[in-house]
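See below for the structure under consideration.
A short reminder: the numbers here are calculations on the coordinates, not readings from a lab. As the structure is a computational prediction, the values presented were derived from the model and not from experiment. Cβ placement follows ideal geometry from the backbone for every residue including glycine, while neighbour counts extend to all protein chains displayed.
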Amino acid sequence: MSRFMMILSLALIVLISSSTIPKTAATPPARYQNYKTFVRTACNSTKYPTLCYNSLSSYSSTIKSDPIKLCITSLTINVQSANNATSVLSDLFKKAKSTSRRGVMMILEDCVEEMKDTVDELKQAIAELKKLKGGGNSKQECIKNVRTWVSSALTDEGTCTDGFEERKGNVETKKTVKKTVSELSKITCNSLALITNYLRY
């Protein structure tokens, strides 16, 4: 009888313990769900909402419901993507240089410079947003500067692909450049949309 009671007691302990798991580990606090909702709503205002949400949702607890943090996070991811694009195009440039394809080499060299400019412009945009957060320059001036830097980055990305659109041949190189820069441009486009829609004078 005592053995039966012992087994029954152990079973009850396991049952009670397991029943508390969903309440503590599986169900996130309501505020984190609200932060994700904020990010999703913000991303729905962009041209590529799924791409936006996939890249930003994991940072929702940092972003919370802060428009400035939202835009800084988006631009920080943007810089990472621009650095990756620069690396891809630099590798293509080195390959073209080693195979003496002068025409392609010159276009790729220009593209690499455009990508470096993009990185610098996005970093300038982040620096401006941090001034805004710290209460430095006037809000209106900061937001205008941020938009200008991000718009310039988007223009530089377009300039890179335009150089390949005007040139025949080298299908694989052209395809890689277009895919790489297109993916970057979507992220930059989303960043600009968030800045335009969520930063007010």
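If you take the Cα centroid of the range 72-138 and the Cα centroid of the range 168-191, the two points sit 13 Å apart.
Straightening the chain between ASP120 and GLU183 buys 20.9 nm, computed as 0.36 nm per residue apart minus the Cα-Cα spacing. Placing pseudo-labels 7 Å out from each Cα toward the beta carbon at LYS130 and ARG147 gives an inter-label distance of 2.4 nm. Most tightly packed first, judged by the mean number of other beta-carbon atoms within 10 Å of their residues, the peptides 179-185, 101-107 read 179-185, 101-107. If R0 is 41 Å, the Cβ-Cβ spacing of VAL171 and LYS69 corresponds to a FRET efficiency of close to 0.45. Here the peptides 56-66, 120-130 are ranked by packing, the mean other Cβ count within 10 Å, and the order with the highest first is 120-130, 56-66. Residue by residue, the range 66-76 carries 3J(HN,Hα) couplings of 9, x, 5, 4, 4, 6, 5, 5, 4, 5, 5 Hz when phi is fed to the Karplus relation 6.51 cos²θ - 1.76 cosθ + 1.60 (θ = phi - 60°); x denotes Gly or Pro.
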